[in-house]
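The values are calculated or read from the model by the stated rules, or taken from the named source; none is laboratory data. Since the model is a prediction, treat every value here as computed from it, not as a measurement. In this analysis, Cβ positions are derived from the backbone assuming ideal geometry, glycine residues included, and neighbour counts consider all displayed protein chains.
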Amino acid sequence: MADTKQAEKEYLARTGSTEWERVKPFSRPGTDTLTESAQLLHDFSVAMLTLRPLPGDRILDLGAGGCWCSDLLGRLNRSSVAVDISVDMLNTGRSRPCGASIRAVAGDMERLPFRARTFDKAICLSAIHHVPDIPAAVGEIARVLRDDGMAFFSEPGRGHADAPVSTAAMRDFGVLEQDILIDRFVRACRDAGFGDVRIKPMSYAIPEFDLTAEQWDRWSRLARSRRPVRALGTIRRGIAELFGAAKRTTLFEETLAMSLVRLLRGAIEDHPIIVASRRDARGAARTSWLARIEVEQMPARAKAGGMLPIRVTVANAGSANWPHATVSGTGHVMLGVQLLEESGRLLGRDHHRVSLPRSAAPGDRIDLEFGCPVPVMAGRYQLKFDLVAEGVTWFEPTGSPAPSRPLMVE
């Protein structure tokens, strides 16, 4: 087993794949990596939509290789640390076009060189199947994650070790190739202390599964049907199946469901995607940007070009912490004043910003007093008050109410 680790360290030099690792997951000129590149980008997208890392999260990129995940994370304004057993791989990652900002650490996944509870999220794409002691590696990942941390794994599954590409890699380069079997891996996650382990069955784009227009119409009717009708239909189809009715008509729903189940089961076993959380995530609310805004004081009239004294109270009614500007450069929360026509049509979304004096946890209230610029043209307007997580989102489009007040400019 020790030899396979040494082989991983020497893999890049033996394979001569430096240029591919430098541009991965994209193709070098004159090469065709469409299938592999699409799979890598798919898994990365699923990881981001599952983990939903916040701008301030610390992300651990496990088995990073040429650091392509950390490169993409950096382009998405997320902070990561790439760890790999091969210094050559990490040096290649640092030589990527955008690699200067990549933080890379050489380390063995079975003994990660980090303090406990250092990271918020961990991403491991097609790497842990090379590790000799997978339970030890999973235990280390759990150790370095915070109490509410999450780890995302996408690995080759059943039959991988016996595939021609794997047997050739083990013979020619001495690396270790293993199947990641769902039952064993889930058990390793639970033994490591992950309180909630989920398999992601609907994270695949499967071109082999399709429907004709007529099948889609039947599926749509089934989705719109009500429970009593479905119950009667189940009884009718059960009788029909007993007498061998045609599967293309009466038993369409059962045939379709079984085709989908079999196809998904095969895809999941061949390429399991598993998310392990330190805490039980069942019923946990997604991070939400939600506020209660009360306009305590605002004159209804003002002179053009002057300053309008305003007093507003904001309360954090969501599940996200609100960092203020001195804490975070991206995602810090400010009060935004938008300028509207009298009819409500937007004139200026960035009319005025007000910094919060401190960060606000869910349930906190903050009082704000400030002067707001008055439009230089006379007329009837409205001022709308909303919160904005800078570089992320305004609150109103996520469902948070944003009050407006009329303003006469003289």
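Tabulated data
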quantity: Enumeration of residues in the range 331-353 that are more than 16 Å from Ala389 (Cβ to Cβ) and acidic (Asp, Glu); calculated: Glu341, Glu342
quantity: Residues (in contact with a Leu (Cβ under 8 Å, 6 or more places away or on another chain), outside any strand (DSSP E or B), small (Gly, Ala, Ser) and within 20 Å of Cys372 (Cα to Cα)) located in the range 292-344; calculated: Ala300, Ala325
quantity: Number of the exception - Ile180 against (1) surrounded by 15 or more Cβ atoms within 10 Å (Cβ to Cβ); (2) part of a helix (DSSP H, G or I); calculated: (2)
quantity: Selection from the range 122-155 of residues that are part of a strand (DSSP E or B) and farther than 19 Å from Pro272 by Cβ; calculated: Leu145, Arg146, Asp147, Asp148, Gly149
quantity: Check on Arg265, outside any loop (DSSP other than H, G, I, E, B), of a type in the set (Lys, Arg) and either closer than 27 Å to Ala320 by Cα or modelled with pLDDT of 75 or more (or both); calculated: yes
quantity: Pairs with Cβ under 9 Å, 6+ apart, first in the range 167-180 and over 19 Å from His271 (Cβ atoms), second in a loop (DSSP other than H, G, I, E, B); calculated: Met170/Ala161; Met170/Leu176; Met170/Glu177
quantity: Residues within the range 332-355 that are buried (at least 20 other Cβ atoms within 10 Å of the Cβ) and under 30 Å from the mean Cα position of the chain (by Cα), tallied; calculated: 4
quantity: Residues within the range 23-48 that are in a helix (DSSP H, G or I), of a type outside the set (A, V, I, L, M, F, W, C) and closer than 22 Å to Leu90 by Cβ, tallied; calculated: 3
quantity: Residue count, the range 52-71 (criterion: among the charged types (D, E, K, R), part of a loop (DSSP other than H, G, I, E, B) and either at pLDDT 95 or above or in contact with a Lys or Arg (Cβ under 6 Å, 6 or more places away or on another chain) (or both)); calculated: 1
quantity: Filter result for Lys24 (basic (Lys, Arg), crowded, with 19+ Cβ neighbours inside 10 Å and out of contact with any strand residue (DSSP E or B) (no Cβ under 7 Å at 6 or more places or on another chain)); calculated: yes
quantity: Residue satisfying condition, being buried (at least 18 other Cβ atoms within 10 Å of the Cβ) and out of contact with any helix residue (DSSP H, G or I) (no Cβ under 7 Å at 6 or more places or on another chain), within set Asp147, Asp120, Asp133; calculated: Asp120
quantity: Set Arg358, Arg380: member being of a type in the set (Lys, Arg) and either not in a strand (DSSP E or B) or not assigned by TED's automatic domain parsing to the domain that holds Val333 (or both); calculated: Arg358
quantity: Positions within the range 72-92 being within 19 Å of Leu12 (Cα to Cα) and either among the acidic types (Asp, Glu) or modelled with pLDDT under 95 (or both), in sequence order; calculated: Asp84, Asp88
quantity: Positions within the range 333-384 being touching a Pro at 6+ places or on another chain (Cβ under 8 Å) and of a type in the set (Ser, Thr, Tyr), in sequence order; calculated: Ser359, Tyr381
quantity: Cβ-Cβ under 8 Å pairs, at least 6 apart or on other chains, the range 13-39 side on the phi > 0 side of the Ramachandran plot, far side surrounded by fewer than 12 Cβ atoms within 10 Å (Cβ to Cβ); calculated: none
quantity: Residue match in the range 392-408 (condition: more than 25 Å from Arg58 (Cα to Cα), assigned to a strand (DSSP E or B) and either within 27 Å of the chain's Cα centre (by Cα) or among the charged types (D, E, K, R) (or both)); calculated: yes
